[in-house]
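Here's the structure we're looking at; comments come further down.
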Amino acid sequence: MSNEKKENVFKRIINKFKFPKIKIPVPRFTIKKPRLKITIPQTNIPFKKIGIVVRDIVSSLLIVSGGIGLLVSYVNPLPIINKYYTTSELINQQIVLLYKNLEVAVGVSIALIFVGLLMHVTNFKTWAKNIKATPRVILNSPMTFYRKLKNFRDWLLAKIEHLNEESAKWRKAFTVMRSPYSLLRSLGFSPQMALGLLVTTSTVGTGVVVNETVLAEKSFAAGDSGIYAASVIGGGADLDIPTTYSDEYNTLRVDLGATPVKEISISDISVGTAFTNSALPNGQTTALQISGNPNAENFNPTRLEIGEFIFEKNRCKTLTLSDIKAHTLIVEGNASDGQSLAPSPGSARMRTVLGGHFTADKMETKGGLYDRVWIQAPTSGVNGQIGKLTVSNIVTKGGSCVLSKIDVGTMTVRLNTTGNGDGFATKDFQIETSVQVANLQMNDNVEVSISEPATQ
């Protein structure tokens, strides 16, 4: 056999035998390394805040120093200081030095102020950008201001329009609520009877009684008679509420005084005996009187001062204009049962009535039945003042219409019908010579046979 084969046979023989495995445990040793804990004390030092404080202090000192330098450069403080404290020679020398080198002192002071302000700049890029944009901002400032002003104007006008719309809605609502009262007045009921029917209304079947309505309070706007004391406005009185009212007193009276009234408008009413169960008050001959008051014992005469007076479309038994001073008098389209129009030349000025904040509000009434209408100035020596007075579509009977003792800017007497049925020889429409006019316009005034209207 070859040697190689002998080795293979020997290996096979050995592999058939299994020898036991002997395990010898080897002990393991663990060595723990000691850990040393060293506690480092933590200190919270606010370096950022300290830096801000230091910056503020330094910048304040720089700005104050610069300001003092500018002040001392232009104003010598030594005379003032020496009154209370004697300064040292060194300080005096320094101040003198400042005056000798004024340009340098001013330049250094400005530089100190600039550096002090510069220390507060955190973003130089933004700062430089703002400086660059400053000229454009200055140039555009007028237009910017105009746009802001325009926006404020539009906002204000929008609010005003909204308030006007709300006011109109409320006015319409009150008009609707007042419509039953106006309807009863138009049917010939007296103001007291109309209010009585509205305030105390009952249903026969159920016995339900209405004790109060929105019309329970008397007012000029509602067409209630009474005395409306415009002369005391400003003392807590309400112009629209009568100061005096009585069920037996059916005269619409307005007492004027020093307080101007912006506007008075009376229209669509019947006065005197023009309606059933009416009569002029005792001792009165005028159904409509608008005038000042004459001189009397312990009473100085008064007049009415009116900016614009419109007297149009009215029916009168007689119409008399006397003791009037007008800048412009327009008399046109009037028909009368005899007329005498003889005003005198005058030099009355153009006129308006101003009162500013203390001007009384507008007084307006439409529709109503009255025994008499009277506008006067009852306070001794105090003239009544009205910005605009409008008297329109008033039917009177049983008494005359008198316009007297008035100073007016523009007075218009237009489209009135006057007559008592007594013929042309009796002049029912008169403009007396005591009426003085600077500018006169008279057109289309005719004489027509006219009698008083029938009682309604």
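Name the residues in segment 387-398 that are under 21 Å from GLN284 (Cα atoms) and part of a strand (DSSP E or B), would you?
First pass over segment 387-398, keeping only residues under 21 Å from GLN284 (Cα atoms): 391, 394-398.
Listed by number, the residues that qualify are VAL391, ILE394, VAL395, THR396, LYS397.
If we keep just the residues of segment 323-347 that are part of a loop (DSSP other than H, G, I, E, B) and surrounded by 19 or more Cβ atoms within 10 Å (Cβ to Cβ), which is nearest to the chain's Cα centre (by Cα)? So that I can check it myself, show each step before the final result.
Here is the first cut: in segment 323-347, the residues part of a loop (DSSP other than H, G, I, E, B) are 333-334, 337-338, 342-343, 346-347.
Add one more test, that the residue is surrounded by 19 or more Cβ atoms within 10 Å (Cβ to Cβ), and what stays is 334, 337-338, 343.
On the way: ASN334: 41, ASP337: 50, GLY338: 50, PRO343: 43 Å.
That would be ASN334.
Out of all the residues in segment 343-361, is one or more within 21 Å of PRO242 (Cα to Cα) and among the charged types (D, E, K, R)? Can you show your working first?
From segment 343-361, those within 21 Å of PRO242 (Cα to Cα) are 358-361; that's our starting set.
Imposing the further condition that a residue be among the charged types (D, E, K, R) reduces the set to 361.
Among the residues of segment 343-361, at least one is within 21 Å of PRO242 (Cα to Cα) and among the charged types (D, E, K, R), which makes the answer yes.
Going residue by residue through segment 418-429, is there one that turns out to be buried (at least 20 other Cβ atoms within 10 Å of the Cβ), hydroxyl-bearing (Ser, Thr, Tyr) and more than 24 Å from GLY384 (Cα to Cα)?
Yes, that holds for at least one residue.
In contact with a Gly (Cβ under 6 Å, 6 or more places away or on another chain) and either outside the structural domain of SER322 (by TED's automatic domain parsing) or aliphatic (A, V, I, L, M) (or both): is that true of ALA425 in this structure? So that I can check it myself, show each step before the final result.
Details: in contact with a Gly (Cβ under 6 Å, 6 or more places away or on another chain): no; either outside the structural domain of SER322 (by TED's automatic domain parsing) or aliphatic (A, V, I, L, M) (or both): yes.
Here the answer is no, as ALA425 does not meet what is asked.
Counting only residues that are part of a loop (DSSP other than H, G, I, E, B) and under 44 Å from the mean Cα position of the chain (by Cα), how many does segment 399-443 have?
Taking segment 399-443 first, the residues part of a loop (DSSP other than H, G, I, E, B) are 399, 415-416, 419-428, 432-435.
Those left that are additionally under 44 Å from the mean Cα position of the chain (by Cα): 399, 415-416, 434-435.
Qualifying residue count for the region: 5.
Can you report the number of residues in segment 98-128 which are at pLDDT below 70 and in a helix (DSSP H, G or I)? Can you show your working first?
Applying the first criterion (at pLDDT below 70) to segment 98-128 yields 98-102, 121-128.
Now drop any that are not in a helix (DSSP H, G or I), which leaves 98-100, 102, 124-128.
Selection size over segment 98-128: 9.
Take segment 280-315 and flag every residue that is free of Cβ contacts under 8 Å to residues at least 12 places away in the same chain and in a loop (DSSP other than H, G, I, E, B). Before you say what the answer is, go through the steps one by one.
Taking segment 280-315 as the starting set, the residues that turn out to be free of Cβ contacts under 8 Å to residues at least 12 places away in the same chain are 282-283, 295-297.
Once the filter is applied, which keeps residues that are free of Cβ contacts under 8 Å to residues at least 12 places away in the same chain and in a loop (DSSP other than H, G, I, E, B), segment 280-315 yields ASN282, GLY283, ASN295, GLU297.
What are the pairs with Cβ atoms under 8 angstrom where one residue, in segment 112-127, is more than 15 Å from LEU62 (Cα to Cα) and the other, located anywhere, is at pLDDT 65 or above and surrounded by 10 or more Cβ atoms within 10 Å (Cβ to Cβ)? Sequence gap at least six, or different chains.
If the second residue must be at pLDDT 65 or above and surrounded by 10 or more Cβ atoms within 10 Å (Cβ to Cβ), the pairs left are TRP127/VAL121.
Has segment 171-179 got any residue that is modelled with pLDDT under 60, under 24 Å from ILE266 (Cα atoms) and outside the structural domain of SER267 (by TED's automatic domain parsing)? Working first, answer last.
Start the filter on segment 171-179 by keeping residues that are modelled with pLDDT under 60, which leaves 178-179.
Filter once more, so that each one left must be under 24 Å from ILE266 (Cα atoms): 178-179.
Narrowing further to those that are outside the structural domain of SER267 (by TED's automatic domain parsing): 178-179.
Yes: one or more hits.
Exactly one condition in (1) modelled with pLDDT of 95 or more; (2) more than 22 Å from ASP255 (Cβ to Cβ) is false for ILE310; which is it?
Of (1) modelled with pLDDT of 95 or more; (2) more than 22 Å from ASP255 (Cβ to Cβ), only one is false for ILE310: (2).
Sort out which residues of segment 375-386 are assigned to a strand (DSSP E or B) and surrounded by fewer than 21 Cβ atoms within 10 Å (Cβ to Cβ), and write them in order of number.
Within segment 375-386, just GLN376 meets the criteria.
Checking the condition modelled with pLDDT under 90, farther than 28 Å from ALA221 by Cα, of a type outside the set (S, T, N, Q) and out of contact with any Leu (no Cβ under 9 Å at 6 or more places or on another chain), which residue from GLY355, GLY421 passes?
Values: GLY355 fails: farther than 28 Å from ALA221 by Cα.
Testing whether each residue is modelled with pLDDT under 90, farther than 28 Å from ALA221 by Cα, of a type outside the set (S, T, N, Q) and out of contact with any Leu (no Cβ under 9 Å at 6 or more places or on another chain) leaves just GLY421.
The values are calculated or read from the model by the stated rules, or taken from the named source; none is laboratory data. The model shown is predicted, which means the values in this text are computed figures rather than measured ones. Here Cβ is always computed from backbone atoms with ideal geometry, including for glycine, and neighbour counts include all displayed protein chains.
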